[in-house]
Amino acid sequence: MDRLTTPELSRTEWAAVSVAFQDAAACGCAAVSVSARSSMLGRIADTLFGSRRLTPLADPRLEAIRQFVCTTRRQRKPAADLAPVLADHGFNPAQIEAIALLAI
């Protein structure tokens, strides 16, 4: 009998999931774009309308978790297009599925 891979996450990875839940609760799960953040028009719009763009997490692995959770919560289904990004960062299928189930 094959043993299933345990969907374990580190304390830091769980913190990234928590940040994503907070972002989703605050309706702040818009895609973060470097060009949009740094453009003059983007800064003017933020100033006029009070928009706050999310700052990406410093660690790309943790930012991948945040984006996956936010997108999954927004769509109310697993963000299948972002699952390969998590896999590229070393997450196994059981971890990705566990994060998706928590985020729905």
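The values are calculated or read from the model by the stated rules, or taken from the named source; none is laboratory data. Every value quoted in this text rests on a predicted model; they were computed, and no experiment measured them. Quick reminder, even Gly has a Cβ in these numbers, built from the backbone with ideal geometry, and neighbours come from all protein chains shown. The area values use the complete protein model at the heavy-atom level, side chains included, leaving out ligands, DNA and RNA. Shrake-Rupley method; radii C 1.70, N 1.55, O 1.52, S 1.80 Å.
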field: Selection status of Leu41, modelled with pLDDT of 65 or more and part of a helix (DSSP H, G or I)
entry: yes
query: Restricted to region 74-88, and to residues that are among the charged types (D, E, K, R), at pLDDT 90 or above and surrounded by 11 or more Cβ atoms within 10 Å (Cβ to Cβ), which residue is nearest to Ala25 (Cα to Cα)?
result: Lys77
task: Look at Arg76 and say whether it is under 15 Å from Phe21 (Cβ atoms) and either touching a helix residue (DSSP H, G or I) at 6+ places or on another chain (Cβ under 6 Å) or among the polar types (S, T, N, Q) (or both).
output: no
- prompt: What pairs can you find where one residue is in region 76-97 and of a type in the set (A, V, I, L, M), the other is modelled with pLDDT of 95 or more and open to solvent by 30 Å² or more (accessible area, probe 1.4 Å), and their Cβ atoms are less than 7 Å apart, with a gap of 6+ or different chains?
  reply: Ile96/Ala87
query: Is it fair to say Ala24 is open to solvent by less than 40 Å² (accessible area, probe 1.4 Å), at pLDDT below 85, in a helix (DSSP H, G or I) and among the aliphatic types (A, V, I, L, M)?
result: yes
- prompt: Just one of the numbered conditions (1) open to solvent by 90 Å² or more (accessible area, probe 1.4 Å); (2) among the aliphatic types (A, V, I, L, M); (3) modelled with pLDDT of 90 or more is not true of Ala58; which one?
  reply: (3)
